[in-house]
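The values are calculated or read from the model by the stated rules, or taken from the named source; none is laboratory data. Just so you know, these numbers come straight off a predicted model, no measurement behind them. Positions of Cβ are generated from backbone atoms using ideal geometry, with glycine treated the same way; all protein chains shown enter the neighbour counts. Please note that ligands, DNA and RNA were not included when accessible areas were found on the heavy atoms of the full protein model with its side chains. Shrake-Rupley method; radii C 1.70, N 1.55, O 1.52, S 1.80 Å.
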Amino acid sequence: MKYQLADGQSADAQGLPLLAVAVPKQAQKALPEALRDYDARAGGALARLFTSGDFTGARDDTAMVYLDGEATRRLLLVGTGKPEDVSRTSVRRAAAIAGRRAKALGTGSVAFAMPAALRGSLGAGDLGQVAVEGMAQGSWQFDELKTKGNDNNNEKKPPVGAITVVVDAAEQQEAAAGFAIGRAMAEGQALARRLQFLPPNRCTPGFLAETAQELGTRHAFAVTVLDRAQIEQEGMGALLAVAQGSETEPRFVTIEYRGAGDAQPVALVGKGITFDTGGISIKPAQAMEDMKYDMSGAAAVLGALEIVGRLKPKLNVVGVIPSADNMPSGRAIRPADVVKSHFGKFIEIVNTDAEGRLILADALSYVRRFKPACVLDAATLTGAALFVTGHVATPIMGNDEALLDEVRKAGERAGERCWPLPMYDEFRELNKSDIADVKNSGGRPAGTITAGWFLREFVDGYPWVHLDVAGTAYTESDSPPLAKGPAGVPTRLFAEFLLARAG
Ligand code: BES
Ligand code: MN
Ligand code: ZN
């Protein structure tokens, strides 16, 4: 992807196939003053759109105008909704709608502008960042495995290969700082989405490990990959238990970035189940294919490290990815098996479909050796998360109020919202086993919280927050700013968290 930050003049000179202009909802049926120049270029068409009431700037509303005799061919008005709601989130959303339109039309590129007079208190830096993030989000596509296009004409539309943010000359410098962040965010998010979307016969634990190694080469990270034998030597009995049912080899990956000498690192842990059949406690066939997304936590860790590698913030980061395939077979774990975890606690496996918490238990135990300043884990952990906050927000849990707050704020900035769930002791009780220290399922009630409590049994000596992204990492239907499929959540949240920590 090509990214550029341009002022109005240079953008016009080169000509833009599609320039989106974001506009908040107007109280009067009249052309906003700030669009006067655009209107002149459009021969008065913008004014007519506003005075007719056909376009008001309502959220997600769009209107396309074709320019005559200009290198810039299309002007797309995109509404951001109530003026008091102009924010990073609403502007990112408008940019994403523009990106989606460019992708659908096959314009090959997309540009976005929002005049300062229409932006309220949103600064040029934030605009530069979220405009890039949004356009990248909306125009993202994956067609490596299609030999022909999706349309009836059987031709692939050209992908969006260039993203331009148009900002007045006076605001260029301020915008540039945000633009650089947005660009890194876009690349990290795209990496995560690609990994999520790849099918499970390609995106295996080995493939995730190779991706980590490739990141390591490009950004000078120290990458360690443990294979099955080494995982065994480490005593990761819970990860091994999940992996034992599959021919596919597990991996345990750590990625270390040093940006601050020997300061304690922030550790990011991501669930890397490359396919979750449920194992012997097998899932119904309905939508089982979506379980290729069960490595979304791992994808977000890799995406966040891509961003870190590009921006080089002043802190240390460790990415940890336990990865396996959850399959039924003659060697698979049975419901009732008891295994010894890396931490030392014995786990009764009452449901082989509660495998994510098993592999995370060993990772949360292993991560202690890095003496982390804090640990965030992301996992598509429970279907129950969808009953809590749907696709709208990510339920979070943890052992440290301040850290929960920090994560929530990072989520707000990223446009990847989170909401905390309570970790009352009563929920912990539900995971009590008759035979072992803990069992891996507390039953149906409060399934998201009991899963969180299971993880907490293996957390020791560091502040920790768990993000259950089962409802937010991917979607099953289109929304205006996002096509159905992988969303890359919580890649940007992770990165915002790290950038804020680095100061
Ligand atoms: N990967 C699933 C959770 C999931 C379900 C994510 C649907 C996204 C959509 C996880 O491994 C799982 O199977 N969890 C079980 C736990 C239960 C057996 C205690 C669940 O949620 O049903
Ligand atoms: Mn499962
Ligand atoms: Zn799973």
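Charging the Cβ of each Asp and Glu at -1 and of each Lys and Arg at +1, and nothing else, the dipole of the chain about its Cα centre rounds to 640 debye. How much accessible surface area, in Å² rounded to 10, belongs to the heavy atoms of M64 with a 1.4 Å probe? Rounded to the nearest 10, the figure is 50 Å². Measuring only protein heavy atoms, the 1.4 Å probe finds E476 accessible over about 110 Å².
Please report, in debye to the nearest 20, how large the charge dipole of segment 227-294 is about its Cα centre when each Lys and Arg carries +1 at its beta carbon and each Asp and Glu carries -1 there.
Around 120 debye, computed over segment 227-294.
A Förster distance of 60 Å, applied to the separation of the beta-carbon atoms of A500 and A30, puts the FRET efficiency at 0.90. The packing ranking of peptides 49-60, 85-96, 439-450, highest mean first, is 85-96, 439-450, 49-60, where packing means the average number of other beta carbon atoms within 10 angstrom of each residue. Ranked by the mean number of other Cβ atoms within 10 Å per residue, highest first, peptides 15-23, 114-122, 173-181 order as 15-23, 173-181, 114-122. Could you pull out which residues in segment 40-58 have an amide N less than 19 Å from a spot 7 Å beyond the Cα of A104, following the Cα-Cβ vector? Residues passing the 19 Å test: 54-58. Accessible surface for the chain, divided over its residues, is 40 Å² per residue with a 1.4 Å probe. Sorting the segments 332-341, 266-275 by their residues' average number of neighbouring beta-carbon atoms within 10 angstrom, most packed first, yields 266-275, 332-341.
The largest accessible area among S479, S296 belongs to the first residue in S479, S296, and the rest follow in falling order (1.4 Å probe, all chains). Heavy-atom accessible area, probed at 1.4 angstrom with all protein chains present, ranks W419, W140 as W419, W140, highest first.
Over the chain, the hull volume per residue, using the convex hull of the C-alpha atoms, is 150 Å³. Of the residues L198, L105, I280, the one whose Cα sits farthest towards the positive end of the charge dipole of the chain is L105 (charges of +1 on Lys and Arg Cβ, -1 on Asp and Glu Cβ, taken about the Cα centre).
Name the residues of segment 341-385 whose amide N is less than 20 Å from a point 7 angstrom out from the Cα of R334 along the C-beta direction? Under cut-off, by backbone N: 341, 346-355.
Taking the Cα centre of segment 53-206 as origin and charging only Cβ (+1 Lys, Arg; -1 Asp, Glu), how large is the dipole, in debye to the nearest 20?
Dipole magnitude for segment 53-206 comes out near 660 debye.
Taken over the Cα atoms of segment 1-100, the convex hull encloses 104 Å³ per residue. Counting only alpha carbon atoms, the long axis of helix 401-414 and the longest principal axis of the chain meet at about 40°.
Put simply, the amide H of T352, placed in the peptide plane, has neighbours under 5 Å in S281, leaving out anything fewer than 5 places away on its chain.
Taking every DSSP helix (H) stretch of at least 4 residues in the chain, weighting each as -39,500 (n - 2.57) and dividing the sum by the residue count yields a mean residue ellipticity at 222 nm of -11000 deg cm²/dmol. Once you order the gyration tensor axes a ≥ b ≥ c over the Cα atoms, which shape class does segment 289-374 get: rounded for a/c under 1.5, otherwise prolate or oblate by comparing a/b with b/c? Since a/c reaches 1.5 but b/c is at least a/b, the shape of segment 289-374 is classed as oblate. For a label point 7 Å from the Cα of D434 along Cα→C-beta, name the residues of segment 321-362 whose backbone N is under 16 Å from it. Once the point is set 7 Å along Cα→Cβ of D434, 335-338, 348-351 turn out to lie under 16 Å by backbone N, inside segment 321-362. Extension gain for S121-E210 works out to 27.7 nm (0.36 nm per residue, less the C-alpha to C-alpha distance). All Cα-Cα separations within segment 252-402 were binned at 5 Å from zero, giving a P(r) of 2, 9, 16, 19, 20, 15, 10, 6, 3, 1, each value a whole percent of the pairs.
Classify segment 352-413 as rounded, prolate or oblate, taking a ≥ b ≥ c as the square roots of the eigenvalues of its Cα gyration tensor: rounded when a/c is under 1.5, otherwise prolate if a/b is larger than b/c and oblate if not.
Oblate is the answer for segment 352-413, as a/c is 1.5 or above yet b/c matches or exceeds a/b.
Think of segment 364-492 as having a plus end and a minus end, set by charges on the Cβ of Lys, Arg, Asp and Glu; of S441, A473, V392, A473 sits farthest toward the positive end of this dipole.
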